[in-house]
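The values are calculated or read from the model by the stated rules, or taken from the named source; none is laboratory data. From a predicted model like this one, the values you see are computed outputs, not experimental measurements. We place every Cβ from the backbone using ideal geometry, glycine too, and count neighbours over all the protein chains shown. These area figures cover heavy atoms from the full protein model, side chains too; ligands, DNA and RNA do not enter into them. Shrake-Rupley method; radii C 1.70, N 1.55, O 1.52, S 1.80 Å.
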Amino acid sequence: MRVVIAGGHGQIALRLTKILAADGHEVVGLVRNPAHEADIAAAGGQAAVLDLEKADLDSVVAVLSGADVAIFSAGAGPGSGVERKETVDKGAAVLLAEAAGQAGVRRHLQVSSMGADNFGDLDPNDQFTIYLQAKKAAEDDLRSRDLDWTIVRPGGLTNDPGTGKVRLEDKTGYGRISRDDVALVLAGLCSNPASIGRTLELIAGDTPVDEALNNLAS
């Protein structure tokens, strides 16, 4: 497969690149900083320098051309301000999905956030609430598109070593999950038809990743 990852220098994306490349897949990581190219190469991928906050649609379509899977794993990050929640967490996600449709890339994974559908009681002016609203808007946009999409909502992310065991369901309740295990699940979802059209929550659990992926078909 040829897999294009938006947010290619992110912690999850670099782990995912390493997993996919080790399995023989071609991985392209979209980054806005040319200094990040070496890290993507070290993980086994190749970088495409493209700022999704500024790029036009045709430029993104060109990068996605010939891909089998598009993955949105970008985020403005803590302390980035309200405006970038709109331009990255929502805007860049919408742009990638639109470009995927125009490039004929049907398989589309979007990394969202636990709680993206449950922020009504939070302070509407809080940056975290605005972040969740942006993620929810990006989810809603993706659901409206004629793509083979899957939305993944991880719980609280940690840098603990992965266990290879997770809980992956439509609803899990809040929990934590290592970035290693999120990357492992995303790699498996690339070719998992049972996950198409579903929004899945992901936390640490007792089920091996392969089994958790297989269980989606039951």
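Taking every C-alpha pair closer than 8 Å and separated by at least 6 residues, the mean separation divided by the residue count of segment 125-218 gives a relative contact order of 34 percent. Test of the criteria: in segment 117-207, which chymotrypsin sites (Phe, Trp or Tyr not before Pro) are in a DSSP loop and have at most 14 other Cβ atoms within 10 angstrom of their Cβ? The qualifying sites are Y174.
When shorter helices are ignored and each DSSP H run of at least 4 residues is given -39500 (n - 2.57), the per-residue value for the chain at 222 nm works out to -10000 deg cm²/dmol. Sparse packing (at most 11 other Cβ atoms within 10 Å of the Cβ) combined with a DSSP loop state is found for the following trypsin sites (Lys or Arg not before Pro) in segment 112-218: K171.
Accessible surface for I12 stands near 20 Å², nearest 10, in the context of the full protein assembly shown (1.4 Å probe). Net charge dipole, segment 1-158: roughly 320 debye, given to the nearest 20, about the Cα centre with Cβ charges of +1 for Lys and Arg and -1 for Asp and Glu. In this structure, the amide hydrogen of R198, modeled 1.01 Å from its nitrogen in the peptide plane, lies closer than 5 angstrom to those of I151, counting only residues at least 5 positions away or on a different chain.
All distinct Cα pairs of the chain go into the 1/r average, and the inverse of that average, the Kirkwood radius, is 17.1 Å. Computed over segment 149-218, the quotient of the alpha carbon radius of gyration and 2.2 N^0.38 Å is 0.97.
Of the residues A42, Q133, T158, the one whose Cα sits farthest towards the positive end of the charge dipole of segment 36-174 is T158 (charges of +1 on Lys and Arg Cβ, -1 on Asp and Glu Cβ, taken about the Cα centre). Kirkwood hydrodynamic radius of segment 112-190 from all distinct Cα pairs, in Å? For segment 112-190, inverting the mean 1/r across all distinct Cα pairs yields 13.9 Å.
Count Lys and Arg as plus one, Asp and Glu as minus one, and take only other residues whose Cβ is under 9 Å from that of H108; the net charge is then +2.
Whole-Hz Karplus values for segment 132-141 come out as 5, 4, 5, 5, 5, 4, 5, 4, 4, 4 Hz, taken residue by residue from phi with 6.51 cos²θ - 1.76 cosθ + 1.60 and θ = phi - 60°; glycine and proline positions read x. Among beta bridges identified by DSSP and lying wholly in the chain, the antiparallel ones come to about 15 percent.
Phi angles of segment 16-31 translate, via the Karplus equation with coefficients 6.51, -1.76, 1.60 and θ = phi - 60°, into HN-Hα couplings of 5, 4, 4, 5, 5, 5, 5, 8, x, 8, 8, 10, 10, x, 7, 9 Hz per residue; Gly and Pro are given as x. Would you work out what percent of the accessible area of segment 99-168, with all protein chains in place, is carbon or sulfur (probe 1.4 Å)? The computed percentage sits at 44. Charged side chains reduced to their Cβ positions (Lys and Arg at +1, Asp and Glu at -1) give segment 90-179 a dipole of some 380 debye around its Cα centre. Accessible area per residue for segment 1-72, computed on protein heavy atoms with a 1.4 Å probe, is 43 Å². Counting Cα-Cα pairs of segment 1-49 in 10 Å increments starting at 0 gives whole-percent bin shares of 35, 59, 5. Hey, which lysines would be in cross-link range of K18, C-alpha to C-alpha under 24 Å, not counting anything within fewer than 8 residues on its own chain? By straight Cα distance, K18 reaches K165. Database remark: amide H of F119 closer than 5 angstrom to no amide H (H placed geometrically; neighbours at sequence offset of 5 or more, or on other chains; Pro and chain starts carry no H).
Calculated on the Cα set of segment 24-65, radius of gyration then Dmax: 10.7, 32 Å.
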